[in-house]
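The values are calculated or read from the model by the stated rules, or taken from the named source; none is laboratory data. Because the structure is predicted, anything quoted here is derived from the model rather than measured. Here the Cβ positions follow ideal geometry from the backbone for every residue, glycine too, while neighbour counts run over all protein chains shown. Accessible surface is based on the protein model in full, side chains and every heavy atom, while ligands, DNA and RNA are left aside. Shrake-Rupley method; radii C 1.70, N 1.55, O 1.52, S 1.80 Å.
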Amino acid sequence: MGLSFSAALAFAVTVVLTLTLRPLAVRLCITDKPGGRKQHIGEIPLVGGIAMFIGILVATMTAVQPTGRWTLLVPAALLVIMGVIDDRHNLGVSARLAAQICAALIMMIGGGLYLRDVGDPFGTGRLGLGSFAIPVSVLVALSVINAFNFIDGIDGLAASIALIALTAGGSRPD
């Protein structure tokens, strides 16, 4: 199945699950309550990340390429589980950072998905990272993960930016 079908399927599953998981989130007290910087009215169910993950999981399972899925899905599941636990119990920075590092290392070491070079920034040839490849890649992954955490304060903003980034990354140049 094509990329368009997978994207549409992920979107549809995410929308349906967001709506159906809201009552469950309220019953389980997985909600964001107003106070401090948070000026919204009432409790807001925190199910968007779960719905997005399941939507992506369903779409990934329908994709043509059957190999290598676990190297992205396992770290994503780890981050979603940590996010749910954090939403419910307000975990400390150390626990969240440890989970993020583990997720990045699973992706990089398990799947070989890490930066080997930074391209040709000076016009003198590719600048390889050598033994710094994994540490630099972990820092980049942590930066992206936490950038999305920081912009997640407005409903739909993180999902919208992720959609824009994925669309840009998945588009073919003419």
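Some points to look at:
- Checklist (1) at pLDDT below 90; (2) part of a helix (DSSP H, G or I); (3) closer than 26 Å to residue 8 by Cα; (4) open to solvent by less than 40 Å² (accessible area, probe 1.4 Å) applied to residue 75, failing item: (1)
- Whichever residue in segment 87-124 is charged (D, E, K, R) and either crowded, with 18+ Cβ neighbours inside 10 Å or touching a His at 6+ places or on another chain (Cβ under 7 Å) (or both) and, among such residues, is modelled with the lowest pLDDT: 87
- Qualifying residue in segment 33-48 (condition: assigned to a helix (DSSP H, G or I) and modelled with pLDDT of 85 or more): no
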